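The values are calculated or read from the model by the stated rules, or taken from the named source; none is laboratory data. Note that the structure is a prediction, hence the values are computed from the model and not measured. Note that we place each Cβ from the backbone using ideal geometry, even for glycine, and neighbour counts take in every protein chain shown. The area values use the complete protein model at the heavy-atom level, side chains included, leaving out ligands, DNA and RNA. Shrake-Rupley method; radii C 1.70, N 1.55, O 1.52, S 1.80 Å.
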Amino acid sequence: MKILFKNENLFNPITVAITLIIILFFLGNFISPGFASPNQIISLLIVASLLGIISAGQNLVILGGREGIDLSVGGVVSIAAVVAGNVMDGSNAAILPAVAVTLFVGGFIGLINGIGVTFIKIPPLVMTLGMLGVLQGLLVVVRNGVPSGNAAPFLVHFATKPLLNTFPGILWLWLILTLFLVFLLKHTVYGLRIYAIGTNERAAKMTAVPVELIRVSLFVLSGMFAALAGICLLGYSGSSFANVGEQYILPSIIAVVFGGTSLAGGKGGYVGTALGAILLIVLQSILITIRIDESGRQMIFGATLLLLMIFYGRGKMLRS
Amino acid sequence: MHKNNKNISLQLIRNFPFIPSLIILIVLILLNGFYEPNSISIGSLVGLISTYLALMLLAVAQTYVVMSADIDLSVGGVISLVNVSIVAFMDHFGGGVYVVLLSLLLGIIIGILCGLINGFVVAILRLQAIVATFATSIFFMGLALYIMPVAGTPASDLFWLTYFENYFGIPFVIYALSFIILLIFFLNKSRFVKTLLAVGDGYLSAFQGGLDVTKTRVKGFLLCGFFSAVSAFCLTGETASGDPLVGTKMTLLSVAAVVLGGGALSGGSASVIGSMIGVLIIGLINSLVFFIGTPSEWQNLIQGLSILIALMIGIYINIKAQA
Amino acid sequence: MSLLEVKNISKKYGATIALNNCNISINESEIHVLIGSNGSGKSTLCKIISGSVQADEGEIFIKNKKKIIKNPIDSKNLGISTFYQELSIANHASVEDNVFMSNLPSKYFFLIDRKKLRNSALKFYNLFKNVAGEDFSLSTPVIQLREDQRQIVEIMKVLASNTKIMIFDEPTSALDKSQVECFFKILKNLKKQGHSIIFISHRMNEIFEVGDKITILRDAEVISTNKLSDVDQDTIIKRMIGEKNLILNLKRKSNQIKTPALTIRNLCGKNFDNISLEILKGEIIGIGGLHGQGQSSLLRSIFGILPKKSGNIFIENKILNKTSPRKSINYGLSYISGDRKRDGIFPGRSIFENIFPIHFYKNKKIFTNRNGIQPLANNTLDLLKTVYSSINQEITNLSGGNQQKIIIARWLINSPLILLLDDPAKGIDLSAKADLYSLINQLAEKGVSIILYSSDDEELLTYSDRIFVFNNGKITKLLEGSEKNKYNLYEASYDN
């Protein structure tokens, strides 16, 4: 058993996630034939892409270490959906400005998080939790009285219908983002510095890494990714409704953990996280196909999450 | 070598990390009184307490895990589970005195069992507290949904009537609060809480000093489960019904209250009194926002901003004091 | 009769041997001193007896019965309590709570009996009342105490456990004279009452004052156990050194150009005071003495990791005003720490990522250009004879010595002018050490100036041109030429 666990290739989080996803698809197809049909898979991937994009930001913040975590992503997603919907308001022509404004808003929220965490030294959990409260309040203000905006037709098409007879645009977007993040984390100095501050902040400081600047930038990126997910969500559901983002907060963290990124920081990457997001969504939808109550589904879901976590690494013993 | 800080105010804060929050609380009470003189009456104070008693107890529950540098994101789930369990129990067996008392016992047992599960996965299996307790919370909420799929089953009349009754001219909640404060007072003087704090101060040095770190952390979760159950009782008294989703919104507020009360999530320094003050701060901010005549759609935002600013000020002062 | 007996204990940390087949026996009513240079295994031995570290092999006997100690609680139950060098106190708790933390007196089942606690604690407080200094009371949280006062709390904690066996691992390192005297009076009393005490200290006079027996450790092995009345300071030092006491001199082409590369004037900082020295181009300066006398802090302050309080640093003729690692790197300084876990490696990351941060910074790179710069890394690593299979290998999969070589390579890739070496060979094996020092020699020949602090005195004596001996944050002696031998070094270090 011990030898098995030591074999890194066999128990590499990415291999585990892929294996589990495949097993789940077989299982799902067995329970309800058609579960693993191409159309079904694509619609699952669309749902997963929303979570995956949010988890990208979450992933970066967690990689940066010092208990990095971003609970405000839920609020940003909701706000972004409202802002984007109101700016474009059903018009294709306004998509680009809407995207620009929304990303700016998301980035700005992240900037405040980053400044609070880095310079006032508020623990990330607390800072982003407080920010979540602010955003929930802001949502009420933004939505009140104003007719909530609608998605532009192109955006709806982008998020749900195949693009040029291939996959839906949102999946292409996700793929490009994944490639971009892999490149960023692996082939740029910035990416390596994220791992550096995540694994050993002291050593990073000694090797001239601008630790503060990078940490702030991670929160900014997290805000922007969440905003992007909010725009996609607007396209997916056609219009924005209250607090759509909140349900994504903790799943975005779990997806990161299932992707093999340690909450302690500095270890892991985005491919795993993307697979983690898929795993989570497939698991959820398999539970929906099983004909049991919502309650049973939740219990099985919770227990499965715990079980999987045992696979993904436990803390160290105190005795050496 | 001699760098003992002579600054008395900083020293006070170091000894009692909840002092900044106490000051914020007093300022808030005064502001409330300024904008709405009636708010400083006994009646409105009792009203404030009875509205926030459940959250106060939940913050107390959260404090006991934060003391040992853990966190419990399942407290909301536990509240929901206990709430629906006791309501369903009373509904099934009729609302007699003995049934009500038995239901309380049942609630406590459920709370402690939930704490045991959390303690097991976090301290014994050594999973990350944030994600592990989130997973258990999904499980608990599923269980709550199983017991009561839709909200609305009323609690026994006896139960909520007692909760709102006055005895000798004093509302029941005051008795409840006094009893709980007494309990917390004794707990604060107990060996267990001291050990909990010492463990939270550093697992390794506590281990070397001969403390049983794992056992202590599990016990912290048990205590958290117990107080979550008591919190659920108050919530049930307040709402007089069962709702499987009732606790969802309360988890993160309980964490915020602990931090507002000067508790450090890194462990070793958190006070139950502080956390209760933290809840009152949240409550008073909410009422102040109302009293100063904020348009209703702006209220949530102003509340959120004020809480964030209060959090920042508190942490900033504590960091300065520790330095 | 022997109360505690340790037989054939061995412990390895990865490739490093911390203890090798150690035997030791402690009698009743005895103060047993352990001595040995840094890293000789004293602390590991203590931690094994007190249960916080598990031995790989060996047995522990108490009163001739074999006992298994799995954790500190077992150890306490067997009548052993320990003063930990790194202290085992809870920062936010008060002095009295800390003293009795694992055994708080109780009433009504679970409440702390404050009165009893205060009374019991008062007994130990009174022992130190007159020497502990101001702001030391039973209700003070220990976070507010000075270092010496915190050590006193840890001492009180051991005394309060009142166990038959007490272990003190460097309990006096921060104490002043009166505090030490007070502590020794207590120790002698305990001995009279039949307690057995293991005592570790680096101060020779202390050892002779209280010790009955002395066990000398060297390189993870027990060398000898004697009655203290049978040995003198000379013998002890010689045994700690090993048999040789040669005048070690550097066989290096003297290529010293007589221009100063780095000048330090009256530098004061954390743990060191009023330090002035000058390093010529191509010179290797050693800073020696016992561990933690300010050597490391000095190097860190020069590099800009710690702030300096006053004084000046000149690089060639330019004054370095506000120091920071970035600025130092721009000026051609490099700082290599032997504490690679804390200051060096990015654990779990590849060799590539660990080797290039300085290169990226100095060349203002945006993309990593993995293939392009790989030869640069390979060359430097080969120079150090690093063993690795691929540059994408995780650094943590290498042996300690090879990890350290990668950290060193990190700083050498962009040819530095001044090297600050903070115990660079700590915990690495002999052949890695040899590779490291031969490279350092080559660099010096090329005109690089080096300040070397090493906890291994032999290294220091072999490789440095001059040695400044540190004691309590000050330079107490300069050893040059024929003075540069182990005996002089030890005498200067252990003299307090």
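Would you mind stating whether A:Leu213 is assigned to a helix (DSSP H, G or I), surrounded by 19 or more Cβ atoms within 10 Å (Cβ to Cβ) and hydrophobic (A, V, I, L, M, F, W, C)? Break it down into steps so the answer makes sense when it comes.
Working: assigned to a helix (DSSP H, G or I): yes; surrounded by 19 or more Cβ atoms within 10 Å (Cβ to Cβ): no; hydrophobic (A, V, I, L, M, F, W, C): yes.
Answer is no for this residue.
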Given (1) outside any strand (DSSP E or B); (2) open to solvent by 10 Å² or more (accessible area, probe 1.4 Å), C:Lys66 misses just (1)
* Has segment A:245-258 got at least one residue that is under 19 Å from B:Met141 (Cα atoms) and open to solvent by 40 Å² or more (accessible area, probe 1.4 Å)? -> yes
Restricted to segment B:136-177 and to residues being free of Cβ contacts under 8 Å to residues at least 12 places away in the same chain and crowded, with 17+ Cβ neighbours inside 10 Å, the residue farthest from the chain's Cα centre (by Cα) is B:Tyr146
Filtering segment A:147-188 for residues that are open to solvent by less than 50 Å² (accessible area, probe 1.4 Å) and part of a strand (DSSP E or B) leaves a count of 2
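This table checks each residue for (1) at negative phi; (2) open to solvent by less than 20 Å² (accessible area, probe 1.4 Å); (3) in a loop (DSSP other than H, G, I, E, B).
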site: C:Leu421; (1), (2), (3): yes, yes, no
site: C:Ala425; (1), (2), (3): yes, yes, yes
site: C:Leu436; (1), (2), (3): yes, yes, no
site: C:Ile440; (1), (2), (3): yes, yes, no
site: C:Ile450; (1), (2), (3): yes, yes, no
site: C:Ser455; (1), (2), (3): yes, no, yes
site: C:Leu460; (1), (2), (3): yes, yes, no
site: C:Ile467; (1), (2), (3): yes, yes, no
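Kindly provide the set of residues from segment A:187-201 that are more than 7 Å from chain C (Cβ to nearest Cβ) and touching a residue at least 60 places away in the same chain (Cβ under 8 Å), ordered by number.
We begin by selecting, within segment A:187-201, every residue more than 7 Å from chain C (Cβ to nearest Cβ); these are A:190-191, A:193-194, A:197-198, A:201.
Scanning segment A:187-201 gives A:Ile194, A:Ile197, A:Gly198, A:Glu201.
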Here, helices (runs of 4 or more DSSP H) confined to segment A:58-146 with at least 1 residues that are within 14 Å of chain B (Cβ to nearest Cβ), at negative phi and open to solvent by 50 Å² or more (accessible area, probe 1.4 Å) are A:95-118, A:124-143
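Which one is farthest from the other protein chains (Cβ to nearest Cβ) among residues in segment B:301-321 that are of a type outside the set (A, V, I, L, M, F, W, C) and open to solvent by 70 Å² or more (accessible area, probe 1.4 Å)? Step through it out loud before you land on a result.
As a first pass, look at segment B:301-321 and keep what is of a type outside the set (A, V, I, L, M, F, W, C): B:303-304, B:306, B:314, B:316, B:318, B:320.
Retained after the next criterion (residues that are open to solvent by 70 Å² or more (accessible area, probe 1.4 Å)): B:316, B:320.
Values: B:Tyr316: 6, B:Lys320: 10 Å.
Out of the qualifying residues, it is B:Lys320.
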inquiry  = Take the conditions open to solvent by less than 10 Å² (accessible area, probe 1.4 Å), away from chain C (no Cβ under 14 Å) and under 14 Å from the mean Cα position of the chain (by Cα) and apply them to A:Gly230. Does it pass?
reply    = yes
(1) surrounded by fewer than 23 Cβ atoms within 10 Å (Cβ to Cβ); (2) within 14 Å of chain B (Cβ to nearest Cβ) all hold for A:Thr289 apart from (2)
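Looking for something under 30 Å from C:Lys365 (Cβ atoms), at pLDDT below 95 and not hydroxyl-bearing (Ser, Thr, Tyr) - is there at least one such residue anywhere in segment A:152-173? Lay out the reasoning, then the answer.
Restricting attention to segment A:152-173, the residues satisfying the condition of being under 30 Å from C:Lys365 (Cβ atoms) are A:173.
Those left that are additionally at pLDDT below 95: A:173.
Then drop every residue that is not not hydroxyl-bearing (Ser, Thr, Tyr), which leaves A:173.
Yes, segment A:152-173 has at least one match.
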Across (1) surrounded by fewer than 17 Cβ atoms within 10 Å (Cβ to Cβ); (2) at pLDDT 85 or above; (3) not charged (D, E, K, R), C:Ile9 clears everything bar (1)
| said: Going residue by residue through segment C:290-303, is there one that turns out to be at pLDDT 90 or above and farther than 28 Å from C:Glu491 by Cβ? | reply: yes
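Can you pull out the helices (runs of 4 or more DSSP H) entirely within segment C:86-179 that have at least 1 residues that are touching a residue at least 24 places away in the same chain (Cβ under 8 Å), within 12 Å of chain B (Cβ to nearest Cβ) and of a type in the set (Ser, Thr, Tyr)?
Working: elements: C:95-99, C:114-128, C:147-161.
In segment C:86-179, C:147-161 are the helices (runs of 4 or more DSSP H) which contain 1 or more residues that are touching a residue at least 24 places away in the same chain (Cβ under 8 Å), within 12 Å of chain B (Cβ to nearest Cβ) and of a type in the set (Ser, Thr, Tyr).
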Expected single match for open to solvent by 70 Å² or more (accessible area, probe 1.4 Å) and outside any loop (DSSP other than H, G, I, E, B) among C:Lys185, C:Lys191 is C:Lys185
Of the conditions (1) touching a helix residue (DSSP H, G or I) at 6+ places or on another chain (Cβ under 7 Å); (2) at pLDDT 85 or above, the single one that C:Ser324 does not satisfy is (1)
Might you let me know whether segment B:75-90 holds any residue that is farther than 22 Å from B:Cys234 by Cβ and open to solvent by 30 Å² or more (accessible area, probe 1.4 Å)?
no
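Could you tell me whether B:Gly115 is within 26 Å of B:Ile174 (Cβ to Cβ), within 20 Å of the chain's Cα centre (by Cα) and crowded, with 23+ Cβ neighbours inside 10 Å? It would help to see each step written out before you state the result.
Numbers: within 26 Å of B:Ile174 (Cβ to Cβ): no; within 20 Å of the chain's Cα centre (by Cα): yes; crowded, with 23+ Cβ neighbours inside 10 Å: yes.
Against the criterion (within 26 Å of B:Ile174 (Cβ to Cβ), within 20 Å of the chain's Cα centre (by Cα) and crowded, with 23+ Cβ neighbours inside 10 Å), B:Gly115 does not qualify.
Looking at segment B:197-256, which of its residues are of a type in the set (A, V, I, L, M), more than 30 Å from B:Pro154 (Cα to Cα) and within 16 Å of the chain's Cα centre (by Cα)?
Step one: of segment B:197-256, the residues of a type in the set (A, V, I, L, M) are B:197-199, B:204, B:206, B:211, B:213, B:218, B:222-223, B:229-230, B:232, B:235, B:240, B:245-246, B:250, B:252-253, B:255-256.
Then drop every residue that is not more than 30 Å from B:Pro154 (Cα to Cα), which leaves B:197-199, B:204, B:206, B:211, B:213, B:218, B:256.
Selection gives B:Ala256 alone.
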Check: Does C:Glu57 qualify as being within 12 Å of chain B (Cβ to nearest Cβ) and open to solvent by 10 Å² or more (accessible area, probe 1.4 Å)?
Finding: no
Going through segment B:281-299 in order, the residues found to be under 21 Å from the mean Cα position of the chain (by Cα) and facing another protein chain (nearest Cβ under 10 Å) are B:Ile282
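Go through segment A:1-49 and give me each residue that's among the β-branched types (Val, Ile, Thr) and at pLDDT below 80. Write out each step before concluding.
We begin by selecting, within segment A:1-49, every residue among the β-branched types (Val, Ile, Thr); these are A:3, A:14-16, A:18-19, A:21-23, A:31, A:41-42, A:46-47.
The answer is A:Ile3, and nothing else.
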Scanning segment C:83-132 residue by residue, those open to solvent by 40 Å² or more (accessible area, probe 1.4 Å), touching a Phe, Trp or Tyr at 6+ places or on another chain (Cβ under 7 Å) and among the aliphatic types (A, V, I, L, M) turn out to be none
